[in-house]
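Bear in mind that the values in this text are calculations on the coordinates, not laboratory data. Remember, it's a predicted structure, so these values are computed and weren't measured experimentally. Cβ placement follows ideal geometry from the backbone for every residue including glycine, while neighbour counts extend to all protein chains displayed.
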Amino acid sequence: MIKTIFLVLITIFLPPVGVFLVAGCGADLFINILLTLLGYFPGHIHAFYVEYVYIKRRDEVRAGIYNARPAPGVYSQKVQNGGHRSVPVQPVYEGDVQQGYGTVQ
């Protein structure tokens, strides 16, 4: 909880630093730096989105539920897995999707 609060405070002042702490050095950091240079608020929106996905996935893995569907717009595997190198639980799918017209099984 304290780590999350410090992460949010850091992100308020420097959005790329918050993304770096969560996702590391990669595409998400590069995108956030560009968004922050183009406008301060787009950098904030992207940084808080990446952190939201990270914290949500981390809590899901800790609870034993995990949605294996990748979050759109997040390129870091660390964020997609909630900070875990490998996901220790079975992925939970939202049910069998009915096949529509023209789909092959």
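Quick notes on this one:
- Put in line by how crowded their Cβ is, counting other Cβ atoms within 10 Å and starting with the fewest, 78, 3 read 3, 78.
- Radius of gyration and maximum dimension Dmax of segment 2-80, Cα, Å: 12.2, 39
- Treating r as the C-beta distance of residue 30 and residue 63 and R0 as 41 Å, the FRET efficiency rounds to 0.85.
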